[in-house]
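For reference, the structure discussed in these notes is given below.
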Amino acid sequence: QVQLVESGGGLVQPGGSLRLSCAASGSAISIYAMYWYRQAPGKQRELVAGITNGGRTNYQDSVKGRFTISRDNAKNTVYLQMNSLKPEDTAVYYCNAGGFQFGHWGQGTQVTVSS
């Protein structure tokens, strides 16, 4: 079973950038489609970006052109590069392997965008 640990969150000003990392252990991520979700206070968890094990990506409309998901199977790590951050991007960001319903989750990392 894969274990996931996110890192890289923090406080950033609007317009700033952060790079989230998701380090996996226990299993190779190469067999999984990988995802980043986020959950803001009082809201449902939502999909931010996904990447198949073949490298195809998809994004939520609100982050297209600002966020980039990537994977390094050799390092067993997935990344989310977030640029031009907005206050509405504030949330706990979760890494997921295998999908929302039956996949594996990390513990989350807080991203706060505020001046």
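The values are calculated or read from the model by the stated rules, or taken from the named source; none is laboratory data. Owing to the predicted nature of the structure, the values given are computational and were not obtained by experimental measurement. Here the Cβ positions follow ideal geometry from the backbone for every residue, glycine too, while neighbour counts run over all protein chains shown. When the accessible area is computed, the model is the full protein with side chains, heavy atoms only, and any ligands, DNA or RNA have been set aside. Shrake-Rupley method; radii C 1.70, N 1.55, O 1.52, S 1.80 Å.
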Matching residues in segment 2-22 - criterion: being over 15 Å from residue 90 (Cβ atoms) and open to solvent by 50 Å² or more (accessible area, probe 1.4 Å): 3, 5, 7, 19
Within segment 64-115, tally of residues that are in a loop (DSSP other than H, G, I, E, B), within 16 Å of residue 5 (Cα to Cα) and open to solvent by 60 Å² or more (accessible area, probe 1.4 Å): 3
Which numbered condition residue 46 misses (of (1) modelled with pLDDT under 95; (2) open to solvent by 60 Å² or more (accessible area, probe 1.4 Å)): (1)
I'd like the full set of residues that are in a loop (DSSP other than H, G, I, E, B), under 15 Å from residue 106 (Cα atoms) and free of Cβ contacts under 8 Å to residues at least 60 places away in the same chain, limited to segment 29-56. 45
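Each row is one residue, and each column tells you yes or no for (1) among the aliphatic types (A, V, I, L, M); (2) without any contact (Cβ under 8 Å) to a residue 40 or more places away in the chain.
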residue	(1), (2)
58	no, yes
73	no, no
80	yes, no
86	no, no
95	no, no
99	no, no
104	no, no
107	no, no
Here are the criteria: (1) open to solvent by 60 Å² or more (accessible area, probe 1.4 Å); (2) at pLDDT 95 or above; (3) closer than 24 Å to residue 113 by Cα. Tell me which single one residue 41 does not satisfy. (2)
Give the number of residues within segment 1-47 that are farther than 18 Å from residue 72 by Cα and of a type in the set (Phe, Trp, Tyr). 1
